[in-house]
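Single-structure report; data block below.
The values are calculated or read from the model by the stated rules, or taken from the named source; none is laboratory data. Note that the structure is a prediction, hence the values are computed from the model and not measured. All Cβ positions, glycine included, derive from the backbone under ideal geometry; neighbour counts span all protein chains shown. Surface areas here come from the heavy atoms of the whole protein model, side chains and all, with no ligands, DNA or RNA. Shrake-Rupley method; radii C 1.70, N 1.55, O 1.52, S 1.80 Å.
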Amino acid sequence: MNFIFIEGLRVDAQVGIYPRERVAAQAVEFDLNFGIPEAAAIHDDIADSIDYAEVINVIRTELAERHFNLIETLGEFVADLLCVRFSALWVKVWVSKPGVAKGVRRVGAYIQRGKQEGVTAVMP
């Protein structure tokens, strides 16, 4: 298995349980790793791979339409999106909210998922 990574993807998203977090979108940051078939490198063909530009666009579009209470739920949503919509063989999603607490650079969660771990359908 080969891997693609996207590091430092910043997206405005509605995530949080506190009143200040529910009134406006805030910046969240993603680091993504996802497994692709070795055929992508062997055939040198995007049809055998996952187009990272499309991944970025889909994440931005999907997150603009939703609110998540928990950052863990947001991470699960993106992990499922990669596995279900893009057929990634394995994913690791780090998601964090920078600057949400005084004296803390960021808070976040990470989700790791593989086909054998029972990927669920993308949430509505």
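Okay, residues lined up against (1) among the aliphatic types (A, V, I, L, M); (2) more than 12 Å from the chain's Cα centre (by Cα):
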{"residue": "63", "(1), (2)": "yes, no"}
{"residue": "71", "(1), (2)": "yes, no"}
{"residue": "77", "(1), (2)": "no, no"}
{"residue": "82", "(1), (2)": "yes, no"}
{"residue": "87", "(1), (2)": "no, yes"}
{"residue": "91", "(1), (2)": "yes, no"}
{"residue": "103", "(1), (2)": "no, yes"}
{"residue": "107", "(1), (2)": "yes, yes"}
{"residue": "111", "(1), (2)": "yes, no"}
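If the requirement is being touching a Ser or Thr at 6+ places or on another chain (Cβ under 7 Å), farther than 18 Å from residue 8 by Cα and open to solvent by less than 50 Å² (accessible area, probe 1.4 Å), which of these qualifies: 40, 88?
Details: 88 fails: touching a Ser or Thr at 6+ places or on another chain (Cβ under 7 Å).
The match here is 40.
Mind listing whichever residues of region 83-97 are assigned to a strand (DSSP E or B) and not β-branched (Val, Ile, Thr)?
90, 92, 94, 96, 97, listed by residue number.
So, in region 43-82, of the ones that are assigned to a loop (DSSP other than H, G, I, E, B) and closer than 29 Å to residue 18 by Cβ, which residue ends up most open to solvent (accessible area, probe 1.4 Å)?
Per the stated criteria, the residue is 65.
Taking region 98-118, which residues are assigned to a strand (DSSP E or B) and closer than 20 Å to residue 2 by Cβ?
Within region 98-118, 112, 113, 114 qualify.
Condition check: in contact with a strand residue (DSSP E or B) (Cβ under 6 Å, 6 or more places away or on another chain) and either within 22 Å of residue 39 (Cβ to Cβ) or modelled with pLDDT of 90 or more (or both). Does residue 89 satisfy that?
Answer is yes for this residue.
Give me the pairs, please: first residue somewhere in region 12-29 and farther than 18 Å from residue 105 by Cβ, second residue anywhere and open to solvent by 100 Å² or more (accessible area, probe 1.4 Å), beta-carbon distance under 7 Å, and either six or more positions apart or on two chains.
What qualifies is 25/12.
Tally the residues that are closer than 21 Å to residue 80 by Cα and surrounded by fewer than 17 Cβ atoms within 10 Å (Cβ to Cβ), restricting the search to region 9-26.
Keep residues of region 9-26 that are closer than 21 Å to residue 80 by Cα, which gives 9-16.
Now narrow it down to the ones that are surrounded by fewer than 17 Cβ atoms within 10 Å (Cβ to Cβ): 10, 12.
Count: 2.
If I filter region 92-124 down to residues being buried (at least 18 other Cβ atoms within 10 Å of the Cβ) and of a type in the set (Lys, Arg), which single residue comes out as modelled with the lowest pLDDT?
Top of the filtered list is 113.
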